[in-house]
Amino acid sequence: MNEETKVIYEKPIPLKNTYNAPYWDAADRHELNVQKCNTCGIYNHPPGPSCANCGSIEVTWENLGSNITGEVYTYIVSHRPFLPGFQNDLPTVIAVVHLEDYPDIKIIANVLNGNAETVSIGTKVKMVWVEATEERSIPQWVFA
Ligand SMILES: [Zn+2]
């Protein structure tokens, strides 16, 4: 891509840190990694330094692959760009989705092709990955 045709991604780009790097490394390969607690067995998402349920630091990662489907658990329709770069995407559907195969895991992302008339609680969606930069892909939802 030369300078004239390069698309500038204007939205905030999530940063990798010590605790979420396996999540973003998998996202960059268009896969989903989730953190799991070795002590109590729950999936810990979003990932952190310890389990949100029991506080254990004995957490590992599980790769769920790239065929990720789920149902909208709840959502909002935003008519304001709360962050820079979203002004051309309005209204934005921001959804909490629980995974079909792992209903305990809930992941927040936008439903890219949804709007107030087409999204409701229970809407079936699948994960896609938007390539924000050459190094970073961001999980999002579209209708399944
Ligand atoms: Zn735990």
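Observations, loosely collected:
- A straight Cα-to-Cα reach below 29 Å connects residue 36 with the lysines 16, 106, 124, 126, residues fewer than 8 places away in its own chain not being considered.
- Using a simple spin-label model with pseudo-atoms 7 Å out from Cα toward Cβ, residue 134 and residue 11 lie 2.2 nm apart.
- Our summary gives the range 14-66 a relative contact order of 36 percent, counting only alpha carbon pairs under 8 angstrom and 6 or more residues apart.
- A full extension of the chain between residue 83 and residue 104 corresponds to an added length of 4.7 nm, given 0.36 nm per residue minus the alpha carbon distance.
- Modelled this way, with points 7 Å down the Cα-to-C-beta line, the labels at residue 29 and residue 112 are 2.1 nm from one another.
- A full extension of the chain between residue 126 and residue 143 corresponds to an added length of 5.5 nm, given 0.36 nm per residue minus the alpha carbon distance.
- DSSP-loop chymotrypsin sites (Phe, Trp or Tyr not before Pro) across the range 27-120, with at most 15 other Cβ within 10 angstrom: 82
- Extension gain, residue 71 back to residue 57 (0.36 nm per residue minus Cα-Cα distance, nm): 2.1 nm
- Cα centroid separation - the range 88-144 against the range 1-77, whole Å: 13
- As a length-normalised measure over Cα pairs under 8 Å and 6 or more apart, the relative contact order of the chain settles at 22 percent.
We did not get these values from a lab; they are worked out from the coordinates using the rules stated. Model, not experiment: these values are computed from the prediction. Cβ sites come from the backbone with ideal geometry, for glycine too, and all protein chains shown count toward neighbours.
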